[in-house]
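The values are calculated or read from the model by the stated rules, or taken from the named source; none is laboratory data. What you see is a predicted model; the values in this text were computed from it and never measured. Neighbour counts run over all protein chains shown; Cβ positions are idealised from the backbone, glycine included. Accessible surface is based on the protein model in full, side chains and every heavy atom, while ligands, DNA and RNA are left aside. Shrake-Rupley method; radii C 1.70, N 1.55, O 1.52, S 1.80 Å.
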Amino acid sequence: MGNTQMHPRPTGRIITPQRTHFRRLAESAEIGTVTRAQLAGLAQSLTCTGLINATESHLLVALINTVPAESFGPFGRPIVFKSNRQLAFEIGRSVSRVSRLLSRLFDAGLVTMRDSGNYKRYPIRSGHGEIMGGCGIDLRILVVRYTELDKLVRQAQAEKRDTDAASRRYRGTLRAVRYALSTAEQHSDRTLRHVGARIDRINVLIRAAGSASSRMLSRATALLERLIDWLMRLPITAVEAQETGKTASPRLENGIHKRNTIPKIRVHSNSKWPSPNADSIPNSACEKSLGPDRNEISQAQNLPKPAVALQDVMKAVPILQVYGLAPKSWAELARNMPLMCRFAGISEDARTRAVQQMGEPQAAVAVAITLEKYSRQEVRSPGGYLRAMTNRASVGELHLARSVFGLAARNCQQELRRDCF
């Protein structure tokens with residue numbers, strides 16, 4: 001057997017393009033523009049940005065405090081020549097841990113390092129005793145990136161303040177909406193249970209996100225405030241209704257208009273609903289309440305619309321009014337589709353496929369139907385139900401008009417039973 005040749009293991013510090021870039025960037029530093037105190041304060045605040053952790057920040061502060069303050073002045077050289085053993089003793093970590101921490105700081109662009117042939121750190125001095133260079137841990141990269149890093153810290157602090165304020169507002173609104181839910185007496189038990197489930201779902205989403213952003217908290221707060229307004233049903237006077245252009249109720253009692261988010265639909269006993277194979281709206285007592293709204297259709301954008309009127313969809317899907325998502329046009333219904341998907345727990349992929357296959361207005365109607373059936377506990381998997389509708393639409397077997405008219409008929413019958421009993 002021949003002698004096997006063992007290739008020597010590569011030695012030395014790993015050199016990457018990013019580390020080489022940081023070394024060149026450190027050479028362009030203008031020493032004297034930033035003081036040591038400013039860099040030490042920056043190093044302590046960098047943990048809020050997520051760029052480094054607390055242990056790495058501790059080591060970076062120790063490196064900055066090791067260099068004399070004069071080294072950050074004009075013609076200075078802020079280079080650390082301490083060994084890893086000494087640094088490990090100062091921060092209370094092992095030597096191997098310090099070596100790994102220095103590598104992470106190098107990768108993050110907070111320090112640069114230049115090694116000697118025997119890995120010793122030493123300065124190179126001039127004839128007057130001034131440090132001209134050397135092999136060690138170079139901190140000039142902090143001087144170059146001070147403005148950039150300080151901006152990151154300020155942005156993180158501002159986001160933290162906004163998040164704290166949004167969190168306080170959200171918690172207060174959550175208490176208010178739960179109190180409004182417990183004191184609301186003008187709504188049915190089924191509606192109150194449904195609204196309570198929605199409130200719990202919003203709270204679960206916020207908790208599942210962990211540290212939710214200020215934008216997410218603000219959107220959740222807006223939804224809860226909308227539910228409070230709907231639960232309380234604050235009355236407005238006739239004068240205010242004329243000024244604001246709001247006519248919430250066709251009946252005037254004691255000079256006060258009362259808001260009815262789910263209007264009662266009265267149907268004669270001899271009214272007939274269309275068969276599932278019907279293509280047009282029936283000429284019955286419910287035709288007025290379920291007939292096509294030409295004004296709403298004319299306000300919509302140039303998009304393909306379902307074979308039903310927007311008012312039909314509203315009568316078939318009253319849950320939209322519960323959430324405060326009642327649209328005034330097809331375009332607004334399409335804009336509310338992402339929010340409806342969030343309420344129903346429909347994924348973005350399922351919504352995108354539905355829009356690609358059916359178009360925005362028809363996909364919005366399909367999502368609204370899914371949300372209504374999910375609120376009635378008739379659908380356990382809203383995402384799977386919407387995907388099934390999308391598959392039927394791809395083969396031309398989806399009939400949204402039948403679903404809309406069927407839901408509207410059921411709502412009319414339920415309202416009629418309430419009036420009778």
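Hey, any idea what % of region 160-232's accessible area is carbon plus sulfur with a 1.4 Å probe?
With neighbouring chains kept in place, the figure for region 160-232 is 50 percent.
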*Carbon + sulfur, % of accessible area of region 17-150 - ligands and nucleic acids excluded, 1.4 Å*: 51
*Stretch T16-R85 to full length: gain in nm at 0.36 nm per residue minus the Cα-Cα span?*
22.3 nm
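Taking the Cα centre of region 25-173 as the origin, how large is its charge dipole in debye, to the nearest 20, when only Lys and Arg (+1) and Asp and Glu (-1) carry charge on their Cβ atoms?
So the magnitude is around 480 debye.
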*What FRET efficiency would be calculated for the residue pair I31, R215, taking the C-beta separation as r and a Förster radius of 41 Å, to the nearest 0.05?*
0.50
*Say each of A69 and R342 gets a label point 7 Å from the Cα, pointing the same way as Cα to Cβ; how far apart are those two points in nm?*
5.1
*Please check which bits of region 199-220 a label hung off R226 would reach, taking the label as a point 7 Å along Cα-to-C-beta and the cut-off as backbone N under 14 Å.*
199, 202, 218-220
_Against the 2.2 N^0.38 Å scaling, with N counting residues, where does region 310-419 land? I'd like the Cα-based Rg ratio to two decimal places._
1.00
*Evaluate the distance, in nm, between pseudo-label points positioned 7 Å from the Cα of T55 and of S381 along their respective Cα→Cβ axes.*
4.4
*Extension reserve of the Q414-S99 stretch, reckoned as 0.36 nm per residue once the Cα distance is removed*: 106.1 nm
*State to the nearest 20 debye the size of the charge dipole of region 160-232 about its Cα centre, where the only charges are +1 on K and R beta carbons and -1 on D and E beta carbons.*
320
_Tell me whether region 17-150 comes out rounded, prolate or oblate; compute the Cα gyration tensor, take square roots of the eigenvalues as a ≥ b ≥ c, and use a/c under 1.5 as the rounded threshold._
rounded
